[in-house]
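To start, the structure itself, in structure tokens.
The values are calculated or read from the model by the stated rules, or taken from the named source; none is laboratory data. These numbers come from a predicted model, not from an experiment. Cβ coordinates were reconstructed from backbone atoms using ideal geometry, including for glycine residues, and neighbour counts include every protein chain displayed. These area figures cover heavy atoms from the full protein model, side chains too; ligands, DNA and RNA do not enter into them. Shrake-Rupley method; radii C 1.70, N 1.55, O 1.52, S 1.80 Å.
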Amino acid sequence: MKKATLILLLIMLIMPAARASDYDLEADFKELDKAVAERATYAHKKEKDIAEYKMALAGCVSYADMYRGAHKIYEQYLKYNADSAIAYADRCYAIARKGGMEAEATEAEAGRALVLTLRGDDMRAGNALAAISGIEHLPPGIKAGIAVAYLEYYARHGMQRSNGGTADTRLLSRTPWRKYVDCLPEWSWRRTYYTAIFTGRDLSRQLTELLRGMSQPSADAAMIYMALANIYQRRGDEQARAHCLIRSAINDIGSANHEAASLIALLYTPQIDKGSQRAANYVKACTDNVRIYKDIGRSLDIVNIHSLIAASYEKKLVRRGNAMLTVIVLLIMAIGAVVVTVVILRKRGIRQMYMLQQVRDGNYKLREMVDSAKVMQQQLREGNDKLTKEIERRNKRFLDAYWLVSQYISDVSAFKKTVFNLITAGKVDKARSMLASGSNIESLLGDFYRHFDIAFVSTHPDFIERFNSLLKPECRVTLADPQVLNPELRIYALVSIGITDSVRIAEFLHYSPQTIYNYRLKTRRNALLPGKQFAEEVASFYRKEEA
């Protein structure tokens, strides 16, 4: 009797757990696919909401009203556009100082630090937070907002970005999180959320209850789903974790949240086929988020995911090639079977005219099949050669582009570290001199121009020849290295691919508009055609081919 009771209790405990993991992930993915496809609509709605807040701010008169209006716009931009959020945090700070609102000025400083934390600028965020003190004497509402900035900073230092944002609870437990969690109201959902993040406790029941009373889609709901995903991962329930990551991503997209980790974490899970169109769509959305938000912290994740997808796609190509080889082998075996059949029929002495005609017809069809097989083999070889060359070319461009980005990140990081060390050592003047110097920028621009020249010449090998054909013979350009363009060629290379406006060219090449004008004027004087006609002819180099 006792054994039966014990078995019954075990079954009752196991059944809810089994039901908890019973998710229709394909239905979840279809909903996420729809959200990803419509993310521009959500961004448009966000812009419309922000425009209304800006109109309301224009009508404010008192410093208090102006501060509240600017702070609302800051909150709208917080996870939508980091640069704009920082701009409005600075505006809040200026308004608070003018209005003598010291508590609000401190809140604005913490808000700026929060934005820096969210986009991975840890050093600047840490410096900003270190400059804030005495928050225990501030009003509860402002104190809670500042506490969130500290908690996010400590949480980000305990997250391992390379595996999609999994919390290291051992690292988190060593942070002074309790001091700031106690600044949050007892009824605040953030109190439960941060407690789960910093302690690693299984608060799934409380977090699920919070979701029932929370409007969705929202960035708040996305955060709670991410916390639930971490809890389910520690349990080993990958189905539940994937479900929560999908729900979090849907809330991120629906609230136009570009500071989003859920979709990146989802791409690391085994529930996504890395070689599928779905994965390509998701990684494009993640890339757009990182680009729009200028998210330094998640840039490496995007590079890693691109590498995973590229590797998976190459494996699919190999499998497809093996399948084609199997088909060819079977076809050859079929042809062999036909040949054997014909030989057997001939050996049996079937000499009737009707049968002989059938054999002749069979031989004729067989020759057609053999010829067709040869053509297919040749086409397959040519297709494989083209595909291999295309993959090699794309891989080279992919590596060149991301190597440039990686080198830029390394250079910026080294520069920041050098300046920080100088400031720490008290060598402020030398740090200021380094910041004022343009040598680092010139080095980065040199790398940028080199990569641009190589990429352009490789895709437009006849550009210099075409360009020289429009110049007077004595003025034609001769390059020591055909893969290194001079400034004039670089400017008109952009013109040839559709960037004809001098201001846009100046922005792209980091020249002044006057410098662009001088180069273009100098080149037009050496041209065989009048100035405007010369520029139009260059701009039509490759447009004619596409037409």
_Hits in the range 76-91 (condition: surrounded by 15 or more Cβ atoms within 10 Å (Cβ to Cβ) and of a type outside the set (A, V, I, L, M, F, W, C))_ = 76, 77, 79, 80, 81, 84, 88, 90, 91
*Filter the range 226-262 for residues that are modelled with pLDDT under 90 and among the hydrophobic types (A, V, I, L, M, F, W, C); which is nearest to residue 196 (Cα to Cα)?*
261
*For the range 120-142, enumerate the residues that are open to solvent by 20 Å² or more (accessible area, probe 1.4 Å), among the charged types (D, E, K, R) and at pLDDT below 90.*
122, 136
*For the range 501-517, how many residues meet the condition of being surrounded by 18 or more Cβ atoms within 10 Å (Cβ to Cβ) and part of a loop (DSSP other than H, G, I, E, B)?*
1
_If a residue must be of a type outside the set (Lys, Arg), open to solvent by 50 Å² or more (accessible area, probe 1.4 Å) and modelled with pLDDT under 75, how many such residues does the range 308-322 contain?_
4
*asked:* part of a helix (DSSP H, G or I) and over 29 Å from the mean Cα position of the chain (by Cα): is that true of residue 520 in this structure?
replied: yes
_What's the number of the only condition in (1) assigned to a helix (DSSP H, G or I); (2) without any contact (Cβ under 8 Å) to a residue 60 or more places away in the chain; (3) of a type outside the set (Val, Ile, Thr); (4) open to solvent by 30 Å² or more (accessible area, probe 1.4 Å) that residue 201 fails to meet?_
(1)
*Just for helices (runs of 4 or more DSSP H) wholly inside the range 414-500: which have at least 1 residues that are open to solvent by 40 Å² or more (accessible area, probe 1.4 Å)?*
428-436, 439-459, 463-469
